[in-house]
Every structure is written in C-alpha cells, then in structure tokens.
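J.: First, the structure itself, so that you have it in front of you.
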C-alpha cells in the first residue's frame, strides 16, 4: 500500500530515535488560561510525546468524497477519504503534518465525527498509530480503496516503512468477544518496554499486540448498571503507569450516566478498578510526580488524582474546552488537551499552565 507520507527531517528522528521529553520536572500550574499551541486540525484525537519534547497529534481527518454509508453518530452519511494525518508540534517552531494520506471516514459535508488516526505512541521500534473505525462497516472492501484496509488496525512506522501490528476490526468480525453490537473502533495504542497494547472501544476489548501475530485478548469489558439503567463499559484510552501497570479509561456507553466512568489497572494478573466516580473519561496521562490526570469529555475538564488518592481539578469545566479528546502532561507539569475533537479544520491543541 502506498500511503502519502511526508517524512521531514524531524520525522526521521521520530522514527529512528525515541527519547523522553527533556523539560524540567515540576508541579502542575494552577493557571487555567490556555494557550493554543496548534490549530486548524481535523478531528484531533490522541497526543503523545516524541523525541526532544515534541508533541505528536493524531488527526482523524475529514473523510472525503466516498464511498459513503449511513451515519454512526448523526443522521448524515459518513464518507471515506484519505485525509487522516499526524501533526508534530515542536517546542520551538510551527506545527506541521509529518504523515498524510491516511484513511478517514467522516460526516458528509461537515467532515465532523471522524473515524481515522485516533492515537499515537512513541515506541522504541517506531511510531505506533491506531486507526479508528470502521464502525459497523466491518467489510472494508466496500470503500474501494486499499487504504481502507488500515481502518480498525494498529500500524507501526519503523525503519523500513509501514507494518500492520494488529487488525482489530478483523478480530471483531471473526469473534465478537462481547457478543453485542458487531462493530469495531480502534481508539488507542500504547507502546511500552513491556509490550504494545491497543483498545477496540466499539468491541469493548483490550489487547496485547505485536506484528505478524494474532491480537491477544486481555480483557472484555462487560455491561454494568446504575439503578435500573444498563450501559456498556466502553474502554477508550491507555496510559503507561509508573508502577509498570497499564491503565485504561472507561467512557461508559449511552446514556453516559454521570459519575459511573472508571479508570482500570491491568497487569498480567488481571484487570481491577483503580479509581471511579468519573464522567465520560476519554483519555489518561501520568504527570511527573506520579499523579494520574483524567480527561472528561463531558463536562470538559481534567481531574488530577494524586498518588495518595486525593483529587483536584487540573482544568476546570469553564476553561474553554469543547468536546476534548486527547491528553498529555509535560515534564514541567503543563497539561495539553486536543480540543474540538469532532471538528474538521477548527480543532486545536490547548496548553494549560507551564
């Protein structure tokens, strides 16, 4: 498959040499006035640190001219295109896209509510990218493009180009572990020294993945109830904990009951609840002092959970976030958020503190 890839000098560094961000460690700032560090983004989603403290942003794109199929989030059709991308935000200099031409499905006309590049992770052997979708359209051949085969997969860009790490859409089509809605949406990838992990949010599943192997199912998230309301326990995002565990954000499914979202902790011994009482948790990140930060898409805030379990608001609901979707915390304690994650052309990355 030939995907349009613009590998600039910086991108070569991203592929070949991974280092931790080099900013000095410190405590989180309590200033809540944001600074926009990137704009003009198409459905920006997951954030990750790259070499030298650059920030990487997965853009789910704005779809294209089709083929199209009935909408998932709205009544509008969703159409296929190759508008997904990865943008880099240097510590000094202007943002620019280093990967383009990636598959995207989005609402016809507006380009909103896209499936496409959903998360990025800087692994020791390359750049890992999760590509969302294809939603209920598990037969990707209907899109008539070889690029559509990347929907619902985890990809690695290494020294020799692209490599498919896992095809979660194919796993869902063949197995449907939660035996509910037959759909797939690969929303998060995390590369660690202990392995690479991925989430299928629509499949309610967590996997360990590696190239040329069948994805290994680690957990299926079962339905829960609040009062007389039953809802799905929808995993959304991953974070590498300072204790060596993998942490998983839980959005919950419709009707998204307040206070029912959780953060889970996975180790080879199994899955357990680490913290609860959140609402619509969509991303996680650890700070330099071991605090866990939880991004809540509704009401649009960031909650800090300190190592001793006490909580505070790192970014309040009135700080200007609207449909935030991605989170990163710098070594100086600054909080970065992908904002307007359902918007084509007007998405931003906002920095709080620091």
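J.: Go through the residues of the stretch 23-35 one by one and say whether even a single one is loosely packed, with under 12 Cβ neighbours inside 10 Å, touching a helix residue (DSSP H, G or I) at 6+ places or on another chain (Cβ under 6 Å) and either modelled with pLDDT under 65 or not in a strand (DSSP E or B) (or both).
T.: no
J.: Out of the stretch 215-239, which residues are more than 12 Å from residue 198 (Cα to Cα) and under 16 Å from the mean Cα position of the chain (by Cα)? So that I can check it myself, show each step before the final result.
T.: Step one: filter the stretch 215-239 for residues more than 12 Å from residue 198 (Cα to Cα), giving 220-234.
Result: 234, single match.
J.: Would you mind finding the one in 164, 222 that is in contact (Cβ under 8 Å) with a residue 40 or more places away in the chain, farther than 28 Å from residue 40 by Cβ and assigned to a loop (DSSP other than H, G, I, E, B)? Don't jump to the end; show me each part of the working.
T.: Numbers: 164 fails: assigned to a loop (DSSP other than H, G, I, E, B).
Only one candidate passes the filter, namely 222.
J.: Quick check on the stretch 99-108. Is at least one of its residues surrounded by fewer than 20 Cβ atoms within 10 Å (Cβ to Cβ), within 18 Å of the chain's Cα centre (by Cα) and touching a residue at least 40 places away in the same chain (Cβ under 8 Å)? Break it down stepwise before answering.
T.: Filtering the stretch 99-108 for residues surrounded by fewer than 20 Cβ atoms within 10 Å (Cβ to Cβ) gives 100-101, 108.
Add one more test, that the residue is within 18 Å of the chain's Cα centre (by Cα), and what stays is 100.
Now restrict to residues that are touching a residue at least 40 places away in the same chain (Cβ under 8 Å): 100.
Yes, the stretch 99-108 has at least one match.
For (1) within 18 Å of residue 331 (Cβ to Cβ); (2) surrounded by 13 or more Cβ atoms within 10 Å (Cβ to Cβ), each residue gets a yes or a no:
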| position | (1), (2) |
| --- | --- |
| 278 | no, yes |
| 292 | yes, yes |
| 295 | no, yes |
| 299 | no, no |
| 304 | yes, yes |
| 309 | no, no |
| 314 | yes, yes |
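J.: Only residues that are under 23 Å from residue 48 (Cα atoms) and surrounded by fewer than 24 Cβ atoms within 10 Å (Cβ to Cβ): list them for the stretch 109-120, please.
T.: 113
J.: Can residue 335 be described as crowded, with 22+ Cβ neighbours inside 10 Å and either within 23 Å of residue 42 (Cβ to Cβ) or touching a helix residue (DSSP H, G or I) at 6+ places or on another chain (Cβ under 9 Å) (or both)? Lay out the reasoning, then the answer.
T.: On the way: crowded, with 22+ Cβ neighbours inside 10 Å: yes; either within 23 Å of residue 42 (Cβ to Cβ) or touching a helix residue (DSSP H, G or I) at 6+ places or on another chain (Cβ under 9 Å) (or both): yes.
Considered against the rule, which asks whether it is crowded, with 22+ Cβ neighbours inside 10 Å and either within 23 Å of residue 42 (Cβ to Cβ) or touching a helix residue (DSSP H, G or I) at 6+ places or on another chain (Cβ under 9 Å) (or both), residue 335 comes out as yes.
The values are calculated or read from the model by the stated rules, or taken from the named source; none is laboratory data. Since this is a predicted model, take the numbers as computed values, not measurements. Ideal geometry is used to build each Cβ from the backbone, glycine not excepted, and the neighbour counts take in all protein chains shown.
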